[in-house]
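The values are calculated or read from the model by the stated rules, or taken from the named source; none is laboratory data. Just so it is clear, the structure is predicted and the values come from calculations on it, not from any experiment. All Cβ positions, even for glycine, are placed from backbone atoms using ideal geometry, and neighbour counts span all protein chains on display. Heavy atoms of the whole protein, side chains included, go into the accessibility calculation; ligands, DNA and RNA do not. Shrake-Rupley method; radii C 1.70, N 1.55, O 1.52, S 1.80 Å.
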Amino acid sequence: MVLIDTYKEQYASSFKLLNLQWIEAFFEVEQEDLKILMDPKGYVIDKGGEIFFAISDGIVIGTSAMVYIEPGIYELAKMAVTKKFQGKGVGRMLMKKSLEFARNSHAKEVFLVTNDKLLPALELYKSSGFILDTNYDDNRYDRGNTKLKLKLN
């Protein structure tokens, strides 16, 4: 059984570890990554966002962050699931909780920055209603080459 929980200080190291694992598997860790990974509470929670954790048998197996950008806009960031649990619906559970948070926070839009070679992630995003934003204007990550957005009612 997988439970979704919100940020607790005891999960901060798992947030960092899970994200470093996937980033290092495909890319280089960048300065922008370190800002959020070294201080998730300051970067996300204290600014009005939330971080979600998928937990199985007391172990963090996945995470996602909703980063407050400006009134009505959040960024879905740092979504990661341990390899053993990939393809088992954990990412979808985190996505559902993240978007529920955005709606409850009266967001009008959620966006994310990704790379077009992360095909399973792209499938999850598109099946959740995200569409390609052809006006790519985010230069925080060298690896970022795709921006998707989701309009909320």
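The table for this structure:
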{"quantity": "Region 37-136: trypsin sites (Lys or Arg not before Pro) in DSSP loop, at most 15 other beta carbons within 10 Å", "calculated": "88, 108, 117"}
{"quantity": "Region 1-135, accessible surface, carbon-and-sulfur percent (1.4 angstrom probe)", "calculated": "54 percent"}
{"quantity": "Average accessible surface area per residue within region 83-152, 1.4 Å rolling probe, Å²", "calculated": "61 Å²"}
{"quantity": "Gap separating the Cα centres of region 43-109 and region 1-30, nearest whole Å", "calculated": "11 Å"}
{"quantity": "Computed log₁₀ I(q)/I(0) - Debye formula, equal Cα scatterers, no solvent, region 55-104, q 0.21, 0.26 Å⁻¹", "calculated": "-0.73, -0.97"}
{"quantity": "Candidate values (1) 17.9; (2) 16.3; (3) 15.4, label of the one derived for Kirkwood radius over Cα pairs in Å", "calculated": "(3)"}
